[in-house]
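One structure is given below, encoded as structure tokens.
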Amino acid sequence: MRAAAAATSTAAALLAPGLKLCAGGARARVSCPSRSRLPLHRIAAMASAPNPSFRPEEARSPPALELPTPPLSKFKVALCQLSVTADKNRNIAHARAAIEKAASEGAKLVLLPEIWNGPYSNDSFPEYAEDIEAGGDAAPSFSMMSEVARILQVTLVGGSIAERSGNNLYNTCCIFGSDGKLKGKHRKIHLFDIDIPGKITFKESKTLTAGQNPTVVDTDVGRIGIGICYDIRFQELAMLYAARGAHLLCYPGAFNMTTGPLHWELLQRARATDNQLFVATCGPARDTSAGYVAWGHSTLVGPFGEVIATTEHEEATIIAEIDYSLIEQRRQFLPLQHQRRGDLYQLVDVQRLGSH
């Protein structure tokens, strides 16, 4: 695991009045001219004074919800970057052991990777799919996650597994509360259909059906918006989650060796920066002998776009701290919510608007 490098150091310098970067990235306190010694709340108030003609509240329809007060403001999160084999029983036992270890190290929220109970392939999706509604023997991965969340009293974002529902297959993320009950279920909205000649071609739509609902879940560790892998490319979904009051976006994902080096961290930092919230991702460990080779690099990003913690491609579990007080602080420093131009553009949450 590596902590944030230059980007984080730069962000810290920008956000810490009276600090400057020194050789080796160390920080030293410096004196500031008296004319710049304004309290942060006064600076924020001056910067956030809205221009009524811009109608910032109308940039979201319906208007954005206030950020709710989370049950916990500070806690540990675990990103379990697991190795995945063709042995489903082994994968289930392996995931359980990783969750147990993370909980023993103090994690209150645990994330698993995309398609962690079997190979990522169109041939494997039907074979490894589970009937979540039926439960029991028809859904051993689901049952394990529910049980371990209840026993360990952790919130679990269960990566994703192939779900069978009627005649359809979905790429589905199940979210469990610390009581083991299913809090929400996200079916991947944007299917991974790409063709990069000479590099990679994959069509999830050959076997999978796209989900129809954005997913925001209130948990013991705050309000969480869920996406799966390719969903992270669509900033509208992240914006919608932010407007629904999410503190954290979780994306189980398995980016590949073509797009991973270019886009994986970039997209996470973009979603976090644009929406001024936390983003956590979790992918499988890399297996170069697999038909689909994953990039790895599970990561936690803060609301200023800073990489808080990440890892390379080997199997690993990241334990890092989330501090929600940083969200409000960052939004005071950069009061984007008061500076949007509702007179020029608007994001429409179709489902919320319909319910109104």
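Separation of the range 212-240 and the range 142-197 by C-alpha centroid, Å?
13
Convex hull over the alpha-carbon atoms of the range 105-204: what's its volume per residue in Å³?
Numbers: hull volume 11.6 nm³, N = 100.
Convex hull of Cα atoms, per residue: 116 Å³.
What order do you get for 272-278, 57-63 when each peptide is scored by the mean count of other beta carbon atoms within 10 Å, highest first? Let's see the in-between values first.
Numbers: 272-278: 22.9, 57-63: 17.3.
Top of the packing list down: 272-278, 57-63.
Can you tell which of T273, L156, M145 lies farthest toward the positive end of the dipole of the chain, using +1 and -1 charges on the Cβ of basic and acidic side chains (Lys, Arg; Asp, Glu)?
Going by the Cα projections, it comes out as T273.
Using the Karplus equation 6.51 cos²θ - 1.76 cosθ + 1.60 (θ = phi - 60°), what ³J(HN,Hα) coupling, rounded to whole Hz, does each residue of the range 73-82 give in order, writing x for Gly and Pro?
Running phi through 6.51 cos²θ - 1.76 cosθ + 1.60 with θ = phi - 60° gives 9, 9, 6, 9, 10, 10, 10, 9, 7, 9 Hz.
Once Lys and Arg get +1 and Asp and Glu get -1 on their Cβ, which of I318, G177, A243 lies farthest toward the positive end of the dipole of the range 74-354?
The one lying farthest along the dipole's positive direction is A243.
Cα-Cα pairs above 37 Å in the chain: how many percent? Provide the component values of the computation, followed by the final result.
Working: 12918 of 63190 pairs.
Cα-Cα pairs in the chain separated by more than 37 Å: 20 percent.
In terms of solvent-accessible area of protein heavy atoms at a 1.4 angstrom probe, what is the ranking of L72, L267, L79, highest value first? Before the final figure, lay out the partial values.
Values: L72 65, L267 25, L79 0 Å².
Ranked list, largest accessible area first: L72, L267, L79.
Holding the Cα-Cα limit at 26 Å, pick out from K108/K185; K181/K206; K76/K183; K108/K203 the pairs that are longer than that.
Details: K108/K185 19 Å; K181/K206 32 Å; K76/K183 20 Å; K108/K203 35 Å.
Pairs exceeding the cut-off: K181/K206; K108/K203.
Per residue, how much accessible area does the chain show when a 1.4 Å probe rolls over the protein heavy atoms, in square angstrom? The partial results should precede the final answer.
Values: 16110 Å² over 356 residues.
Heavy-atom SASA per residue in the chain reads 45 Å².
How large is ³J(HN,Hα) for each residue in the range 103-114, as worked out from phi by the Karplus curve 6.51 cos²θ - 1.76 cosθ + 1.60 (θ = phi - 60°), to whole Hz, x for Gly and Pro?
After applying 6.51 cos²θ - 1.76 cosθ + 1.60, I find 5, 5, 9, x, 5, 9, 10, 10, 10, 10, x, 5 Hz.
Calculate the dipole size of the range 138-285 relative to its Cα centre from +1 charges on Lys and Arg beta carbons and -1 charges on Asp and Glu beta carbons; express the result in debye to the nearest 20.
Details: 15 positive and 12 negative charges, 32 e Å.
It works out to roughly 160 debye.
Taking amide H positions as placed in the peptide plane 1.01 Å from N, state which residues far from G305 in sequence (5 or more) or on other chains have amide H under 5 Å from it.
Here T273 satisfy the definition.
To make sure I understand the rule: partners must be aspartates and glutamates, Cα under 19 Å from the Cα of K199, and not fewer than 8 residues away in the same chain. Which ones qualify?
D287
Tabulate in residue order the Karplus-calculated ³J(HN,Hα) for the range 348-356, using 6.51 cos²θ - 1.76 cosθ + 1.60 with θ = phi - 60°, rounded to whole Hz; enter x for Gly and Pro.
The phi angles translate into 9, 8, 4, 5, 5, 5, x, 6, 6 Hz.
Could you work out the helix-only [θ] at 222 nm for the chain, with each DSSP H run of four or more residues adding -39,500 (n - 2.57) and the total divided by the number of residues, to the nearest 500 deg cm²/dmol?
Working: 9 runs with 94 residues, N = 356.
Using -39500 (n - 2.57) per qualifying helix, the result is -8000 deg cm²/dmol.
Please report the antiparallel percentage of DSSP beta bridges with both residues in the chain, rounded to the nearest 5.
Bridges in the chain that DSSP calls antiparallel: roughly 70 percent.
What residues qualify as long-range amide H neighbours of A316, i.e. H under 5 Å apart, gap of 5 or more or another chain, H built at 1.01 Å from N?
Q81
Which order, highest average first, do 244-256, 213-225 follow once you tally other Cβ atoms within 10 Å for each residue and take the mean per peptide?
On the way: 244-256: 24.8, 213-225: 21.1.
The densest-packed peptide leads the list: 244-256, 213-225.
Specify which residue in the list V77, I200, N89 is farthest towards the positive end of the charge dipole of the chain, using unit charges on the beta carbon of Lys, Arg (+1) and Asp, Glu (-1), about the Cα centre.
Value: V77.
Based on Cβ point charges of +1 for Lys and Arg and -1 for Asp and Glu, what charge dipole magnitude is obtained for the chain about its Cα centre, in debye rounded to the nearest 20?
Details: 37 positive and 35 negative charges, 304 e Å.
So the magnitude is around 1460 debye.
Considering only DSSP states other than H, G, I, E and B, which trypsin sites (Lys or Arg not before Pro) in the range 282-356 qualify as loop sites with at most 15 other Cβ atoms within 10 Å?
Here the trypsin sites (Lys or Arg not before Pro) that fit, given the DSSP loop and packing criteria, are R341.
The values are calculated or read from the model by the stated rules, or taken from the named source; none is laboratory data. All figures in this text were calculated on a predicted structure; none of them were measured in a lab. Cβ: placed from backbone, ideal geometry, glycine included. Neighbour counts: every protein chain shown. Calculation scope for accessible area: heavy atoms of the full protein, side chains included, ligands and nucleic acids excluded. Shrake-Rupley method; radii C 1.70, N 1.55, O 1.52, S 1.80 Å.
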